[in-house]
1. So how many residues does segment 218-249 have that are outside any helix (DSSP H, G or I), of a type in the set (A, V, I, L, M) and closer than 18 Å to residue 156 by Cβ?
2. Could you list all residues from segment 1-58 that are among the β-branched types (Val, Ile, Thr) and in contact (Cβ under 8 Å) with a residue 24 or more places away in the chain?
3. Restricting to segment 115-135, what's the tally of residues that are assigned to a helix (DSSP H, G or I) and within 16 Å of ligand 1 (Cβ to nearest atom)?
4. Among the residues of segment 99-114, is any of a type outside the set (Val, Ile, Thr), surrounded by fewer than 22 Cβ atoms within 10 Å (Cβ to Cβ), modelled with pLDDT of 95 or more and within 13 Å of ligand 1 (Cβ to nearest atom)?
5. May I ask you to list pairs of residues, at least six apart or on different chains, whose Cβ atoms are under 6 Å apart, with the first in segment 108-130 being in contact (Cβ under 8 Å) with a residue 40 or more places away in the chain and the second being within 16 Å of ligand 1 (Cβ to nearest atom) and among the aromatic types (Phe, Trp, Tyr)?
6. Considering segment 247-275 alone, what residues qualify as being among the hydrophobic types (A, V, I, L, M, F, W, C) and farther than 20 Å from residue 162 by Cα?
7. Would it be correct to say that residue 197 is surrounded by 15 or more Cβ atoms within 10 Å (Cβ to Cβ) and out of contact with any Asp or Glu (no Cβ under 6 Å at 6 or more places or on another chain)?
8. Filter segment 171-186 for residues that are open to solvent by 10 Å² or more (accessible area, probe 1.4 Å) and part of a helix (DSSP H, G or I) and give the result.
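The values are calculated or read from the model by the stated rules, or taken from the named source; none is laboratory data. Because the structure is predicted, anything quoted here is derived from the model rather than measured. Cβ placement follows ideal geometry from the backbone for every residue including glycine, while neighbour counts extend to all protein chains displayed. Each accessible area value is taken on the protein alone, full model and side chains, heavy atoms only, with ligands, DNA and RNA left out. Shrake-Rupley method; radii C 1.70, N 1.55, O 1.52, S 1.80 Å.
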Amino acid sequence: MLTSGGRALKIESPGLLTISPVKLRTLREHEVLVSVRYVGICGSDVKLFSGRYEGPHVYPLVPGHEWVGEIIAKGAGVQKFSVGERVTGECSIYCGQCQFCREINEDLCTSVKKHGISANGFAADYVIVNQSSLHSLKDCEISDESACLIEPAAVVMKGIDKATAHMDPHDVLILGAGTLGILATMIIKSKPNAKVMIVDINETRLQIARELGADQVVAMDMKLMPAHVGRGSFDLVVETSGFSDVGEVINHTVKPGGSVLFFSQPKVSFSTDLFVSKMVNIFGNIGGTGKFREAIELLDSKGSEIVRLITNVIELGEFPQIYSQDESVVTRGCKTILKVK
Ligand SMILES: [Zn+2]
Ligand SMILES: [Zn+2]
């Protein structure tokens, strides 16, 4: 039995990160107690740290929705998981009651809560979580570090499935070579015939993208792209960069009848000509629910090569001080993860 709840990284308010002691309550019937090993930092976390996150969120907040840990205790009603089992889990907690959950699409849930965004997350020694959020890693060999990429991989897979349901992409342009852009490269390259060009100004990220399958990497400011590639060259454009300049890039590069997939939410404006006369299809995706098992299998099949995406490992307890000295520590490379155990 634990005598202490351990530590948690807490965003007290924008710009103020602390390591705080946690009190654990008794487990309820369908909950488990997880001892967290690693937690990834994603673009949403970076915005939450600095107060730039625009969706529903709360402070103070324990961030972290990309994680891996081990079950160390479970409630009486937990049958599917065992103590000692390695697990990861969903970011979104759907209500299951609203009209969207029951009849349409739970991604549109009107009462959704998100671990690490609008409810406390996993940047902590120990976390109590409902079993319905969990996915087992007991049958796979993926490393603990790489397991932090499962949640973003599920998000990317779900988006690519939406955008390619009625097309077989041949020429794909990916804007931004962060974690989502590189995972998108890997996932698209697992389809036959797809050629991927990826653009970013960060050479470290582009090198990783090349190693993980990109056919062409372009080190260039996004807004110069229209001068670099022919009009209508790509049947799928995947936007992960978040830059507001991408509107013109997309207008120029997407083929008539092609598709655009947004993982970011930049403030862009389009001429309606894009989807009326050019009949371009616009897709977007934010969550990974329904794709975790496939994401686990894909990353597991890639073996140790995916660990290349992780460019920075920081001890949980040291993170507030390191971040306060240099905020760019979380954006310089590709994926930063926090080592909890
Ligand atoms: Zn994320
Ligand atoms: Zn709902």
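1. Step one: filter segment 218-249 for residues outside any helix (DSSP H, G or I), giving 218-221, 229-245.
This time we only want the ones that are of a type in the set (A, V, I, L, M), so: 218-220, 229, 236-238.
Now drop any that are not closer than 18 Å to residue 156 by Cβ, which leaves 236-238.
Total satisfying the criteria: 3.
2. Within segment 1-58, the first condition is being among the β-branched types (Val, Ile, Thr), and the residues that meet it are 3, 11, 18-19, 22, 26, 32, 34, 36, 39, 41, 46, 58.
Residues satisfying the conditions are 11, 18, 19, 22, 32, 34, 36, 39, 41, 46, 58.
3. At the first step, the residues of segment 115-135 found to be assigned to a helix (DSSP H, G or I) are 131-133.
With the extra rule that they be within 16 Å of ligand 1 (Cβ to nearest atom), the set shrinks to 133.
Adding up the residues that qualify gives 1.
4. Yes, segment 99-114 has at least one match.
5. 122/67
6. Here is the first cut: in segment 247-275, the ones among the hydrophobic types (A, V, I, L, M, F, W, C) are 249-250, 254, 260-263, 268, 270, 274-275.
The answer is 249, 268, 270.
7. Details: surrounded by 15 or more Cβ atoms within 10 Å (Cβ to Cβ): yes; out of contact with any Asp or Glu (no Cβ under 6 Å at 6 or more places or on another chain): yes.
Here the answer is yes, as residue 197 does meet what is asked.
8. Of segment 171-186, the ones open to solvent by 10 Å² or more (accessible area, probe 1.4 Å) are 171, 178-180.
Within segment 171-186, 179, 180 qualify.
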